[in-house]
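Taking it in order: structure first as structure tokens, then the write-up.
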Amino acid sequence: MITFQINDTPVEAEPGWTVLETARHYGIEIPTLCYHEAVSPSGACRLCMVELRDGDWSKLVASCIFPVAEGIRIYTETERIDNVRRWIFEMLLAEVPASPEIREMATQYGVESTRFSVKDPDEDCMVCGLCTRACEEIVGLSAISLMSRGVHKKVGAPFSRPTEVCVACGCCVTICPTGAMRRLIESVRETPEVTLTPLAV
Amino acid sequence: MLQQAEILESVLERYPSKPEYLIFMLQDIQADCGYIAPESMEIICEHANVPITQGYSVATFYQSFRLEPQGEHEIKVCLGTACHLKGGERLVENLERKLDIHRGETTEDMMFTLNTVNCLGACAMAPVAVVDDEYISSTTPAKLDKSLKAAQQQ
Amino acid sequence: MNNNAKIGIFLCKCGQKIEPMVDLPVLKKSVAGVDGVACCDILPYPCLEPGLNEINQKIQELGLNRIIVAGCESRLMLKKFEQKMEANGLQKGQIDVINLRGHVAGVSDLSPKEKAEKGSKLIKASVAEMIAFTPSTRKSVSIERPPVVLGGGIASFAAAHELAQEGIDFMLSIPERDPGVILDHLCKTYPGERTHYPRLKKIIDEVLESPHTTLLQPGKLAGLAGITGDYTLSFAVPDAMTRRQYAAGTIIACLDGELVPPGPEFGYDGKTVLCQPEFEEMLYEEKIPDGHTVFWVCDYETGQPENAQLSARAAFNMGKFILQNNPKAGVVILYNEQMPLPVTAAERKFARKMGIIWVPYDKSVRPILQADFVNFGSINDHLEHELPWDQIVLSPIRKMGEKSRTAAKILGILHEDKEFLSTHHAKVRPEMVGREESYLAGSARYACDLTDALNQGRKAGKKNAEMIKKSRGGALFVPQVVCIVDTDKCVACGQCQELCDCGGIGVAELVGGGLPRVVDPMVCTGGGTCAAACPYNALTLQNNTNAQREARVAALAGQMADHEFVAYACSWAGLPAADNAGNMGLKYDPAIHILGVPCLGQLDPSIMARAFLEGAPGLLLVGCSPEDCHHSFGIDHAWSRVNLMKKLFVFCGFDRRRITLAHADMNKPEELIKTMESFAKAIKALGPIEKTPENMSKLQSIYRLVKSNSRVRLLLSAGLRRPWEHTYRGDQRCALQYEREDFISALKEEFLKSRLETVMTKEKRPFNIRELASYLTEEKKSVAEQLGELVSEGHVNVQYKEGKPLYLSVN
């Protein structure tokens, strides 16, 4: 049993739990984007940042992957956190301007516009990797993955061609937080050949 | 359709079936054939016990792996700081016009592939271009012309 | 019967996504007291570690053996729950996830209490299923018998080699044992591959010398029976009536294709215009030609463009060989401009140095052979150029070949309408992807070169070795959801085998017919349409049985209000679309109650009938479109069953539209909403089926008919195809004719019989013909006929009173 504090309230947890899980268990909401309960966390979007204070100084940690530890003091609603969230949303609005889900979430946190230049007004994929993790962990097929790196990083099937490994189960579409997978899945799943009659003799 | 059949065979024999050897296998194919064909990727990934997507992720992550057939001669134009200041970009544009391709592409007759690189470590010779293994210092369009013609004669 | 089910229900608050919208305390009160429910808790997030901890504690504390989580998408979350509760002994089928969030919370404007009520209906239905469910014991597969590599394809040696390296004893059936002879003949199936022969010879030698190899006497494959781990193969003995039989654990079929020359329209004459295999043979015998050899890669023109690169590659190799031995010869490879060159940059340079010339020709101007020259259209200047030739070598046409076809048929892997053996199988479980590679290798699977064939063989060997080692270590388990045959009920009609597309159903033994079928659990994909079709209900889909489903739909339908209805959504189309609609915050008519099912093809018609019997005013089935079905034709089978129900409704005077089939795409949730709203409207307009005694009797009759009338079930399963398909089983007659003449008339008779049974078992007294005819508004003649049938079947006894027959039900 590990005891620590969230927002000055003592909470109890078991070793191996993350701060986010514990917070949610106690009804404390922390926003997330690249996190989904069904797959392992990755800490990519940084929206779940919380402040960890130790005496005079504090640091920001990603609560979805930060393991609970005895005696730590976590704060989820501070000025610094507020600032971080707004920065993240501004950057997301520039990176992923075409996602209505991100836009809505940003509005909830008071971000309606962005100071950054928009490279591709049609971009809706934030490269959070949830789809690839879903395909790997839930379905077990790894039909899609993250390719290239840096600003060119994107999600897709090998050689950007429809792959027969994809069974079109739709888990990636369901788990996608921005709705981008609805568009991307069409270039991943294969359209079946129209045969109508195979009869195994 | 396995045009990389022979080298694949020796690769598969040399490396154990473990994920750690993925990059080594990819490097061997790349070195021998200039690129990694889709069928080769499948066979290597299967041998290394990784899903194809992982092999593909690794291959696209590194610049040195190519996934499309390369031309017989590779032209690398440096766009690092020094070369950029000395007009490397113009050299690339010149080649793009002359060969009628974009950077990263290969000419239709499969003779030349035009690539840009971030630094060749030869800044004193800026702007630098490399045709096959030949380094051209203080590159000019005229020098490039001469070099390409010589390469074609081979 | 309770089956000792101890159910734990866990309601998820899901942050703000379920809790304020659904009144959870009200929901808890509604379900906590239901029989079989041991506990009902509200948790903030059952799916996170804290929540899982609490659930696992409850399981241990209360001895729970069934868990229902009312949370979010089962498709995403179920696996995690199964993994986290496995340690406590819970297996597939014992955990159910209901999508309270995506199917109830956000998709309508009902009040929180009303949503709680809807959730409660869904949960109670799940409870009913959990109680009806008896988990099967987890079985492990033991493959003690050796694998057998057969088929005569060259991949046999690669597969055998791999098995030998893994230390597995195996049986090898090959037509020829002399490596020299084998390699000699290889040019017929794999021309231009000479450079691989030394390595291949090494493999062949190693295989023949390996202590793990048991060579079977050459013979033709005559039959195969059994299941994974327990196969019996029989080979025909030449000049003898007997057959040699072997027991095998797994099978690796290495089948090679056949290469035939193109027709005379290509100029083929076998003398100067040759085909690649015979040319290779010529070269092999050291007859290097002089003069100009033109390899015409004519695969585009012979209708096999996908093989062009294969042929070109072979041509390149043969060309190299010619020039190595006769540097003065001329070698040109004439290829269709559409084909990308299958050579690397280094090879192109090398080719130029050696003198092999690659000449592309205009795809719209087909090359023509004339004496001494071959014409072709140049893509550069559009002139017709000429190439001098002394030999022309044409690409072969690649086929499966008769030998491989026969072997494939016996092994049960032949698909009549495909040229090669590779298929796009129903990909259901991730371990099914790539399954074909573990039992099939060679150029009969798809046209390929020697290295590819050998790689396929090696892969098959490797996969088999893995599987065998796993099984011998006790770690190979039968999947939980597979079909099983009750041999007491099976009459060996073979319908299931004909319907099954995964090849999992076979005969138990080799001798003759009339023997029960057996399901290979390692091949079965859990589609379940076989079980839904079996006329004698001899098949059960374990851990996902008809009984379970019936209990669930009965419980749900029984709770439906007059305008509410049940919608079955298949987990590849309807269910993902519904889940996605929930995620996107789309709204639809709350009258719809969605039940997920892996494939609509699993739905026995008795499920459909039961829903109406329990009071559902309508039943919607949302599945994939026909070519998308992951279980291969499950949706088509569902179509036939739905139409059966519609016909029966017409007999009863009920509106046909009450049961309807729909198609959805998992990526088009908005369209699904249109579907559901449209149906909801129709059902609202129709209202419920009035619960008069007569109507109840009719519904009971329908239920009894579709559930246990073997004649109807047999006729139904014999016609489980859409009418436009060519392979309509039975007589090759018009499907519409079959329906009008045979099916409907049989259906009428059997339905009347069922109605009689229903009436007579309800009121246990003797009836005479007249009163039955009048009650059922049927002709006395038909009633008399059917009563006669019932008597001969032993369901009804007849007594004579004053010369008039009186009928009394036996049951």
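The residues of segment C:702-724 that are modelled with pLDDT of 90 or more and of a type outside the set (Lys, Arg), listed by number, are C:Ile702, C:Tyr703, C:Leu705, C:Val706, C:Ser708, C:Asn709, C:Ser710, C:Val712. The number of residues in segment C:7-51 being at the interface with another protein chain (Cβ under 9 Å from one of its Cβ atoms) and of a type in the set (A, V, I, L, M) comes to 2.
Here is a yes/no grid of residues against (1) farther than 30 Å from C:Thr213 by Cβ; (2) among the β-branched types (Val, Ile, Thr); (3) crowded, with 19+ Cβ neighbours inside 10 Å:
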| residue | (1), (2), (3) |
| --- | --- |
| C:Leu122 | yes, no, yes |
| C:Ala125 | yes, no, yes |
| C:Ala128 | yes, no, yes |
| C:Arg138 | yes, no, no |
| C:Ile154 | no, yes, yes |
| C:Ala159 | no, no, yes |
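Table: residues versus (1) in the same structural domain as C:Leu454 (by TED's automatic domain parsing); (2) of a type in the set (Phe, Trp, Tyr); (3) surrounded by fewer than 16 Cβ atoms within 10 Å (Cβ to Cβ); (4) modelled with pLDDT of 90 or more.
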position	(1), (2), (3), (4)
C:Phe170	yes, yes, no, yes
C:Val181	yes, no, yes, yes
C:Glu193	yes, no, no, no
C:Val207	yes, no, no, yes
C:Gln217	yes, no, yes, no
C:Gly229	yes, no, no, no
C:Pro238	yes, no, yes, no
C:Met241	yes, no, yes, no
C:Gln245	yes, no, yes, no
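Select from segment C:325-349 the residues that are within 13 Å of chain B (Cβ to nearest Cβ) and not in a loop (DSSP other than H, G, I, E, B) and list them in ascending order. C:Ala345, C:Ala346, C:Glu347, C:Arg348, C:Lys349, listed by residue number.
When we screen C:Ile379, C:Ile322, C:Ile413, C:Ile368 for residues that are surrounded by 19 or more Cβ atoms within 10 Å (Cβ to Cβ), more than 30 Å from C:Lys220 (Cα to Cα) and either without any contact (Cβ under 8 Å) to a residue 60 or more places away in the chain or within 14 Å of another protein chain (Cβ to nearest Cβ) (or both), the only hit is C:Ile322.
Going residue by residue through segment C:199-221, is there one that turns out to be in contact with a Gly (Cβ under 8 Å, 6 or more places away or on another chain) and part of a helix (DSSP H, G or I)? Among the residues of segment C:199-221, not one is in contact with a Gly (Cβ under 8 Å, 6 or more places away or on another chain) and part of a helix (DSSP H, G or I), which makes the answer no.
Meeting the requirement of 1 or more residues that are within 13 Å of another protein chain (Cβ to nearest Cβ) and surrounded by fewer than 20 Cβ atoms within 10 Å (Cβ to Cβ), the helices (runs of 4 or more DSSP H) wholly within segment A:56-158 are A:100-108. Mind listing just one residue for me: the one in segment C:404-455 that is in contact with a Pro (Cβ under 9 Å, 6 or more places away or on another chain) and not in a loop (DSSP other than H, G, I, E, B) and, of those, modelled with the highest pLDDT? Going through the qualifying residues, I end up with C:His415. The set of residues in segment C:775-792 that are in contact with a helix residue (DSSP H, G or I) (Cβ under 9 Å, 6 or more places away or on another chain) and under 24 Å from C:Leu699 (Cβ atoms) comprises C:Tyr775, C:Leu776, C:Glu778, C:Glu779, C:Ser782, C:Val783, C:Glu785, C:Gln786, C:Leu787, C:Glu789, C:Leu790.
A:Gly27 passes every criterion in (1) within 14 Å of chain C (Cβ to nearest Cβ); (2) under 16 Å from the mean Cα position of the chain (by Cα) apart from (2). Taking the criterion of being touching a residue at least 24 places away in the same chain (Cβ under 8 Å) and within 14 Å of chain A (Cβ to nearest Cβ), the residues of segment C:456-496 that qualify are C:Pro479, C:Gln495, C:Cys496. Among residues that are of a type in the set (A, V, I, L, M, F, W, C), more than 8 Å from every other protein chain (Cβ to nearest Cβ), without any contact (Cβ under 8 Å) to a residue 24 or more places away in the chain and out of contact with any Gly (no Cβ under 7 Å at 6 or more places or on another chain), A:Ala168 is not included. Taken residue by residue, segment C:258-280 has at least one member that is within 38 Å of the chain's Cα centre (by Cα), hydrophobic (A, V, I, L, M, F, W, C), within 26 Å of B:Glu9 (Cα to Cα) and modelled with pLDDT of 90 or more. Just one of the listed residues (C:Glu54, C:Glu73) is buried (at least 24 other Cβ atoms within 10 Å of the Cβ), within 14 Å of chain A (Cβ to nearest Cβ) and within 19 Å of C:Leu24 (Cβ to Cβ), namely C:Glu73. Of the residues contained in segment C:32-41, none is found to be of a type outside the set (A, V, I, L, M, F, W, C) and crowded, with 18+ Cβ neighbours inside 10 Å. Could you go through segment B:136-153 and let me know if any residue there is more than 24 Å from B:Asp32 (Cβ to Cβ), of a type outside the set (D, E, K, R) and within 14 Å of chain A (Cβ to nearest Cβ). No, every residue in segment B:136-153 fails to be more than 24 Å from B:Asp32 (Cβ to Cβ), of a type outside the set (D, E, K, R) and within 14 Å of chain A (Cβ to nearest Cβ). Of all residues in segment C:645-671, exactly one satisfies the criterion of being of a type in the set (S, T, N, Q) and at pLDDT below 95, namely C:Asn667.
Would you be able to say whether some residue in segment A:3-19 is assigned to a helix (DSSP H, G or I), within 14 Å of another protein chain (Cβ to nearest Cβ), within 19 Å of the chain's Cα centre (by Cα) and not β-branched (Val, Ile, Thr)? No, because not a single residue in segment A:3-19 is assigned to a helix (DSSP H, G or I), within 14 Å of another protein chain (Cβ to nearest Cβ), within 19 Å of the chain's Cα centre (by Cα) and not β-branched (Val, Ile, Thr).
A search for C-beta distances below 8 Å between a residue of segment C:697-718 that is outside the structural domain of C:Cys534 (by TED's automatic domain parsing) and any residue that is crowded, with 24+ Cβ neighbours inside 10 Å and outside any helix (DSSP H, G or I), counting only pairs 6+ apart in sequence or on different chains, returns C:Val706/C:Asp604; C:Lys707/C:Asp604; C:Arg713/C:Cys534; C:Ser717/C:Cys534.
The values are calculated or read from the model by the stated rules, or taken from the named source; none is laboratory data. Keep in mind it's a predicted model, so treat the numbers as computed, not measured. Note that we place each Cβ from the backbone using ideal geometry, even for glycine, and neighbour counts take in every protein chain shown.
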